[in-house]
1. If you go through the range 272-282 one residue at a time, do you hit one that is of a type in the set (Gly, Ala, Ser), surrounded by 22 or more Cβ atoms within 10 Å (Cβ to Cβ) and within 18 Å of the chain's Cα centre (by Cα)?
2. In the range 374-394, is there at least one residue being in a loop (DSSP other than H, G, I, E, B) and either among the small types (Gly, Ala, Ser) or without any contact (Cβ under 8 Å) to a residue 12 or more places away in the chain (or both)?
3. Would you tally the residues in the range 304-314 being outside any strand (DSSP E or B) and buried (at least 24 other Cβ atoms within 10 Å of the Cβ)?
4. In the range 323-353, which residue that is part of a loop (DSSP other than H, G, I, E, B) and within 16 Å of ligand 2 (Cβ to nearest atom) is nearest to Asp151 (Cα to Cα)?
5. Just the residues that are in contact (Cβ under 8 Å) with a residue 40 or more places away in the chain, outside any strand (DSSP E or B) and within 16 Å of ligand 1 (Cβ to nearest atom), please, taken from the range 207-233.
6. Which number in (1) more than 20 Å from Ser99 (Cβ to Cβ); (2) away from ligand 2 (no atom under 16 Å from the Cβ) marks the one condition that Trp368 misses?
7. Which condition number in (1) outside any helix (DSSP H, G or I); (2) of a type in the set (A, V, I, L, M); (3) closer than 21 Å to Val177 by Cβ is the one that Val320 fails?
Amino acid sequence: MRGREPFCHQWQKGSLPRTQWAMVRLGCPLLGGLIAQPSIGVVPVSGKSVVEVTSPARLLAEFPAGDEVATRVATWRRSIEGVLAGRDDRVLVVAGPCSVHDVAATRHYANHLRELAAELDDELLIVMRAYFEKPRTTVGWTGLLADPALDDTSDIETGLRLSRRLLLDLVELDLPVATEWVSPFAADYLGDLVSYGAIGARTVESQVHRQLASALPMPIGMKNGTSGSLQAAVDAVITARHPHRFLASGPDGAVNWVRSSGNGAAHVILRGGKSGPNYGITSVRRAAAMLRAAGLPPAVVIDASHGNSGKDHTKQPKVVSAVGAQLASGVDAIRGVMMESFLVGGRQDIDAAAPVHGQSITDACLGWEDTATVLRDLAASVRASRRTCDSANWLQLA
Ligand SMILES: O=C[C@H](O)[C@H](O)COP(=O)(O)O
Ligand SMILES: C=C(OP(=O)(O)O)C(=O)O
């Protein structure tokens, strides 16, 4: 990564407080052991620098959401809830780049998606994936919000403004937006413009994220864990649907004691994992049975990327087509699909010498043409599922 300082460096005498230096030198088994990591050099036990950030209230005043925007977002949230609950027989589609790193390319993609969303509106409720924060397995670029210049300069003031401005543009373009909530503070800056949220596979067991979801005003999908554990997602849905009391920041940035009402539209997202994919009929039936046993609606969204495609973007069409086949055969538990898709298929490195416009710098994405084909085929499966449902009703009446 350009301009990145080495994460670990060898401490020199004089660069540590005197007591810590003495412990390193003497090999103190407790603190010295924590400080000294022979294979990667010596790192401090802890430490931080603090920079005050603009408050959510100030950012919202700078980029206000007018009544028209607020009404659109509220309507989309209700529509998504309707699809998840089965009141609307369309299928939810969350599609877009793995991460937003280039605002112009993201707008370009959004224009294409908007047209396709209008074309397939009878069958699919298409929501654009606009992820400003990236959870990492270990370390790596953490997204536009935290590091908009992609070079570890971490200009969060710019990141916040670019993220909010882009969200407003997408809503004004008439596209509902989905995002993953990674930092529990980000929702205060952006939440009013987001129609669908996800809690990722790496944070789904976190109490903080489950409580956050219980207070968020949009439907929240809980991913199964990276190991493939479905129980983690089911537990997260139970937790998020429940009211909680917890510490959280408020619009002015102060810490508040919050009482949440519970998120009645929390649901499970099957994303596969180390134990393999989980988009097939057996996995979907198993998930539906687990949800029923827990007293929850047997409804799931399937992520075609991540563990369900082994992060190989060329496998996403196969996953969506398998979902389409299940829908056409009358499987009722699948209410939505997620795809990682951008203008150009595949991925590139964050510091590519000749960056490709519209290609992901995080996970590989399906290119635009393939995305459009996959979604038109999915819409055809939704039409087929309606015919299956009609014939079943006739048979019952006969
Ligand atoms: O969707 C994105 C990635 O899968 C997620 O951020 C984890 O990425 P990493 O394993 O490369 O850190
Ligand atoms: C990180 C993501 O997914 P998961 O949590 O399933 O790995 C993502 O969708 O960007």
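1. Kept after step one, since they are of a type in the set (Gly, Ala, Ser), are these residues of the range 272-282: 272-273, 275-276, 280.
Next cut, surrounded by 22 or more Cβ atoms within 10 Å (Cβ to Cβ) only: 272.
Remaining after also requiring within 18 Å of the chain's Cα centre (by Cα): 272.
Yes, some residue in the range 272-282 is of a type in the set (Gly, Ala, Ser), surrounded by 22 or more Cβ atoms within 10 Å (Cβ to Cβ) and within 18 Å of the chain's Cα centre (by Cα).
2. Scanning the range 374-394, I find no residue that is in a loop (DSSP other than H, G, I, E, B) and either among the small types (Gly, Ala, Ser) or without any contact (Cβ under 8 Å) to a residue 12 or more places away in the chain (or both), so the answer is no.
3. Step one: of the range 304-314, the residues outside any strand (DSSP E or B) are 308-314.
After this cut, where a residue has to be buried (at least 24 other Cβ atoms within 10 Å of the Cβ) as well, the list is 308-309, 313.
Result for the range 304-314: 3.
4. At the first step, the residues of the range 323-353 found to be part of a loop (DSSP other than H, G, I, E, B) are 329-333, 342-345, 348-353.
Now drop any that are not within 16 Å of ligand 2 (Cβ to nearest atom), which leaves 342, 350.
Numbers: Phe342: 22, Ile350: 9 Å.
Among those that are part of a loop (DSSP other than H, G, I, E, B) and within 16 Å of ligand 2 (Cβ to nearest atom), it is Ile350.
5. Of the range 207-233, the ones in contact (Cβ under 8 Å) with a residue 40 or more places away in the chain are 211, 213-231.
Next, from what is left, pick out any that are outside any strand (DSSP E or B): 211, 213-219, 224-231.
Of everything in the range 207-233, those that are in contact (Cβ under 8 Å) with a residue 40 or more places away in the chain, outside any strand (DSSP E or B) and within 16 Å of ligand 1 (Cβ to nearest atom) turn out to be Asn224, Gly225, Thr226, Ser227, Gly228.
6. (1)
7. With (1) outside any helix (DSSP H, G or I); (2) of a type in the set (A, V, I, L, M); (3) closer than 21 Å to Val177 by Cβ applied to Val320, the lone miss is (1).
A quick yes/no check of all residues on (1) in contact with a Cys (Cβ under 9 Å, 6 or more places away or on another chain); (2) farther than 21 Å from Leu125 by Cα; (3) among the basic types (Lys, Arg); (4) surrounded by 19 or more Cβ atoms within 10 Å (Cβ to Cβ):
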position	(1), (2), (3), (4)
Glu205	no, yes, no, no
Arg210	no, yes, yes, yes
Ser214	no, yes, no, yes
Ser229	no, yes, no, no
Asp235	no, yes, no, no
Asn256	no, yes, no, no
Asn263	no, no, no, yes
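The values are calculated or read from the model by the stated rules, or taken from the named source; none is laboratory data. None of these values were measured; they are calculated from a predicted model. In this analysis, Cβ positions are derived from the backbone assuming ideal geometry, glycine residues included, and neighbour counts consider all displayed protein chains.
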